[in-house]
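The values are calculated or read from the model by the stated rules, or taken from the named source; none is laboratory data. Note that the structure is predicted; figures quoted are calculated from it, not measured. Neighbour counts are summed over all protein chains in view; Cβ atoms, including those assigned to glycine, are modelled from backbone coordinates with ideal geometry. These accessible areas exclude ligands, DNA and RNA; they are computed on the full protein's heavy atoms, side chains included. Shrake-Rupley method; radii C 1.70, N 1.55, O 1.52, S 1.80 Å.
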Amino acid sequence: MSAWRRRALQLLPEYPEIIETADTPMFLWTELSYPFSRAAEEKNTDLLQRIFDLAQWCWKESRYDEAVTAALIGFYENIPSHKEHWWTIPRFVSSADFNGLDQVFRYFLDEVQFAELAEFYLRERKLLEKDALKTKKKNEQSCPPNSHALGSFVTDPADTGSAPKASGSR
């Protein structure tokens, strides 16, 4: 069994038929677009986290070029073209990854639209970080030492002082 299929089954056990019948990673991402859209509409952050985890694994850890390409083109590239899905980006994509996906996110957007996405990302990311700090402080007051809550969005130490780039060429 291929590594991308094995990883998909681990992260998304509720979709064995989609995963097992996918001939290629691109076909998998095409078929996962429906569960992703439904999860975004329903604000199912657990499922969304696992889908983003799979996309990140394909992009950053897979040694199979087709899995990398499929995650970038079949998943990440499509999110900005659906404004109702924008809210998922600041929640599940670190600032460093947002910058790394800059050209991918721009593919279906013009410069004005991408600038709007980048502004949205920064604004929402700041709110999520602020909420995470409040939750952390609250939990530190009520929990024993070494017990921390970082919130329910992706955190990355590289995010400190990192902001997405709003300008540049396609």
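Okay, here's what the table says:
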{"item": "Single unsatisfied condition, W57 versus (1) free of Cβ contacts under 8 Å to residues at least 12 places away in the same chain; (2) within 28 Å of K130 (Cα to Cα); (3) buried (at least 16 other Cβ atoms within 10 Å of the Cβ)", "result": "(1)"}
{"item": "Counted residues, segment 2-49 - those being β-branched (V, I, T), in a helix (DSSP H, G or I) and under 24 Å from E66 (Cβ atoms)", "result": "4"}
{"item": "Residue match in segment 113-120 (condition: of a type in the set (G, A, S), more than 14 Å from the chain's Cα centre (by Cα) and at pLDDT below 95)", "result": "no"}
{"item": "Answer residue from segment 33-54, given it is open to solvent by less than 20 Å² (accessible area, probe 1.4 Å) and out of contact with any Phe, Trp or Tyr (no Cβ under 7 Å at 6 or more places or on another chain) and is farthest from L9 (Cα to Cα) among those", "result": "A40"}
{"item": "Residue in segment 4-26 that is closer than 26 Å to A118 by Cα and either open to solvent by 10 Å² or more (accessible area, probe 1.4 Å) or touching a strand residue (DSSP E or B) at 6+ places or on another chain (Cβ under 9 Å) (or both) present", "result": "no"}
{"item": "Subset of segment 70-86 [out of contact with any Pro (no Cβ under 6 Å at 6 or more places or on another chain) and crowded, with 16+ Cβ neighbours inside 10 Å]", "result": "A71, L72, G74, F75, Y76, E77, N78, I79, P80, H85, W86"}
{"item": "Cβ pairs under 9 Å, 6+ apart, first in segment 104-121 and in a helix (DSSP H, G or I), second polar (S, T, N, Q)", "result": "R106/Q113; R106/S169; E111/S167; E111/S169; F114/S167; A115/S167; A118/S167; Y121/S95"}
{"item": "Condition check for A70: under 20 Å from Q49 (Cβ atoms) and at pLDDT 95 or above", "result": "yes"}
{"item": "Flag for Q103 being open to solvent by 30 Å² or more (accessible area, probe 1.4 Å) and over 17 Å from A3 (Cβ atoms)", "result": "yes"}
{"item": "Checking V93 against (1) out of contact with any Phe, Trp or Tyr (no Cβ under 8 Å at 6 or more places or on another chain); (2) under 28 Å from A132 (Cβ atoms); (3) surrounded by 14 or more Cβ atoms within 10 Å (Cβ to Cβ); (4) not small (G, A, S), the condition it does not meet", "result": "(1)"}
